[in-house]
1. Within the stretch 36-43, can one find any residue that is closer than 13 Å to Leu61 by Cβ and in contact with a strand residue (DSSP E or B) (Cβ under 9 Å, 6 or more places away or on another chain)?
2. In the stretch 1-20, what count of residues is obtained for those that are crowded, with 17+ Cβ neighbours inside 10 Å and either in contact (Cβ under 8 Å) with a residue 60 or more places away in the chain or not in a helix (DSSP H, G or I) (or both)?
3. If you scan the stretch 21-34, which residues turn out to be assigned to a helix (DSSP H, G or I) and buried (at least 16 other Cβ atoms within 10 Å of the Cβ)?
4. Looking only at the stretch 77-95, filter to residues that are farther than 20 Å from Leu13 by Cβ and in a helix (DSSP H, G or I); which one of those is nearest to the chain's Cα centre (by Cα)?
5. Pick out the one residue from Val21, Val83 that is at pLDDT 95 or above and among the β-branched types (Val, Ile, Thr).
6. Only residues that are loosely packed, with under 13 Cβ neighbours inside 10 Å and farther than 19 Å from Arg66 by Cβ: list them for the stretch 41-52, please.
7. Need the failing condition index for Leu61 against (1) exposed (fewer than 15 other Cβ atoms within 10 Å of the Cβ); (2) closer than 19 Å to Gln15 by Cβ; (3) not aromatic (Phe, Trp, Tyr), just the number.
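The values are calculated or read from the model by the stated rules, or taken from the named source; none is laboratory data. Remember, predicted model here, so these are calculated numbers, not experimental data. Note: ideal-geometry Cβ built from the backbone for every residue, glycine included; neighbour counts use all protein chains shown.
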Amino acid sequence: MDEQQTIAALAALAQPTRLRVFRLLVEREPDGIAAGELARLVDVPQNTMSAHLSTLAQAGLVRGERQSRSIIYRVDLDRFRAVVLYLLQDCCGGHASLCAPLISDLTPCCPPGEETRTR
């Protein structure tokens, strides 16, 4: 991850609809959401949603996969992780105790291997 890629990702998220879409996709990982369903959930026209998804995809934050007649969008968590790590790579000037609260807050709510979600 470099500075330009990080700027592109942050710029893509710096818009209310795209941020909301990104958060919805994170919530629905790993299943993803069809583009039309995203438009309905966010209450925007499908062509507007298409433009927002394109911006997020160009920044590498989401990817679409055709399934039959729909395109299912999923968040690219590895790319988002790289953005966050780029922002934190020099955290607290090497003073681990200063970073501890931040790292604790970033600890996932669902540790690996623990399935807590019900549908």
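1. The answer is no; no qualifying residue exists.
2. Residues meeting the conditions: 2.
3. Val21, Phe22, Leu24, Leu25
4. Cys91
5. Among Val21, Val83, only Val21 is at pLDDT 95 or above and among the β-branched types (Val, Ile, Thr).
6. Hits for the stretch 41-52 are Asp43, Pro45, Thr48.
7. The failed condition is (1).
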